[in-house]
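The values are calculated or read from the model by the stated rules, or taken from the named source; none is laboratory data. These figures come from a predicted structure and were not determined experimentally. All Cβ positions, even for glycine, are placed from backbone atoms using ideal geometry, and neighbour counts span all protein chains on display. In case anyone asks, the SASA skips ligands and DNA or RNA and just uses the protein heavy atoms, side chains included. Shrake-Rupley method; radii C 1.70, N 1.55, O 1.52, S 1.80 Å.
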Amino acid sequence: MSKLKNKVTVVTGGNSGIGFGIAEAFKKEGAVGTITGRNEKTLNDAVAILGSDFISIPGDVTNSNDLENTFKKTFDKFGEIDVLVVNAGGAIDGVEMGTIENATEESYDSYMNLNLKSAYFTVQKSLPYLNDGASIILIGSSAAHRAAPGMAIYSAAKAAIISLAKGLSLDLLSRKIRVNALSPGSIDTPVFGKIVPEEHVEQVKQMWIDITPVGRQGLPSDIGKAAVFLASDDSAFIVGTEILSDGGLTNISLMK
Ligand SMILES: NC(=O)c1ccc[n+]([C@@H]2O[C@H](COP(=O)([O-])OP(=O)(O)OC[C@H]3O[C@@H](n4cnc5c(N)ncnc54)[C@H](OP(=O)(O)O)[C@@H]3O)[C@@H](O)[C@H]2O)c1
């Protein structure tokens, strides 16, 4: 049986990596809806694969007008939204995050705006168009729990995302809207090409495989399956919490 039959979904950053994996999993379960992103070519490519039950709406999640446009157009096309996945985020091409010794206020603001502020306002701008009883999934990260070199600002933003799942669930209780965080570990997506030069990508992925207890990187489809669970009635009693899909990275230490 399809778990999301005719559910109206919005996945921000649905044109790449984890967001696309989630949109594909939603489609498999009978959902319809919108994917967003800034890159029109990858948006078109993604919709060509997802099929005619999905549309793409170009937009920048750090821009309030773009967010409003996304939700209004989705509502006009499909009606009230049942599932919102706040996924857009991660690395910013050409902006080095830095460490406490060399980060700039500009890089701090860029990373916080994308990975925390935009998530808060994505939820806020969606509210007039959400069904009561909707499920909101905020994409967190295992980085919120386990420090990694040069990632302190991003990790702090993602830790705040996990906190938002609690606070926003309380804010939205009267509408029976559930907010949960879904935190991936290391997932094989195009993000690695944004963080290190192409010739080092495989080496960095291998480094993550070496410290992931199940011995592999996750796939976008792994996160897609967990997102289907949080989007569907199967998780009706799960509110304001976090699910880690990280192959054991956070909680299991590989001691030799
Ligand atoms: N891959 C991992 O190992 C991993 C682990 C933990 C958490 N995560 C989280 O998972 C999410 C997706 O990451 P990913 O690995 O799939 O990365 P990705 O392949 O680089 O995808 C990032 C997505 O976000 C969109 N995006 C970025 N900035 C945007 C902006 N300003 N406005 C609108 N859309 C924007 C991108 O689309 P456009 O470029 O077209 O705008 C793209 O669709 C992020 O929140 C990331 O922090 C990833």
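Some points to look at:
- For region 44-70, residues that are within 21 Å of S16 (Cα to Cα) and assigned to a helix (DSSP H, G or I) total 11.
- Hey, I209 within 12 Å of the ligand (Cβ to nearest atom) and open to solvent by 40 Å² or more (accessible area, probe 1.4 Å) or not: yes
- Unique residue being open to solvent by less than 50 Å² (accessible area, probe 1.4 Å), under 22 Å from S245 (Cα atoms) and without any contact (Cβ under 8 Å) to a residue 12 or more places away in the chain when the list is A119, A160, A181, A148: A148
- Region 19-43 residues that are open to solvent by less than 10 Å² (accessible area, probe 1.4 Å), paired with ones that are hydroxyl-bearing (S, T, Y) and more than 13 Å from the ligand (Cβ to nearest atom) (beta carbon under 8 Å, 6 or more apart): A23/T9; F26/T9; A31/T9; G33/T9; G33/T74; T34/T9; T34/T74
- In region 186-199, the count of residues that are under 18 Å from T250 (Cβ atoms) and buried (at least 22 other Cβ atoms within 10 Å of the Cβ) is one or more.
- Filter result for the condition that a residue is in a strand (DSSP E or B), within 20 Å of D60 (Cβ to Cβ) and of a type in the set (G, A, S), over G33, G19: G33
- Selection within region 181-196 - within 6 Å of the ligand (Cβ to nearest atom) and part of a loop (DSSP other than H, G, I, E, B): S186, T189, P190, V191
- Given (1) part of a loop (DSSP other than H, G, I, E, B); (2) within 15 Å of V11 (Cα to Cα), number of the condition E96 does not satisfy: (2)
- Positions within region 44-72 being farther than 21 Å from E24 by Cβ and within 15 Å of the ligand (Cβ to nearest atom), in sequence order: D60, T62, N63, S64, N65, D66, L67, E68, N69, F71
- Failed item in (1) in contact with a strand residue (DSSP E or B) (Cβ under 9 Å, 6 or more places away or on another chain); (2) outside any strand (DSSP E or B); (3) open to solvent by less than 10 Å² (accessible area, probe 1.4 Å), with K73 passing the rest: (3)
- Restricting the first member to region 219-242 and to residues that are of a type in the set (V, I, T), and the second to residues that are in a loop (DSSP other than H, G, I, E, B) and surrounded by fewer than 18 Cβ atoms within 10 Å (Cβ to Cβ), the beta-carbon pairs closer than 9 Å and six or more apart or on different chains are V228/K3.
- Subset of region 129-172 (residues that are away from the ligand (no atom under 12 Å from the Cβ), assigned to a loop (DSSP other than H, G, I, E, B) and of a type in the set (A, V, I, L, M, F, W, C)): A147, L172
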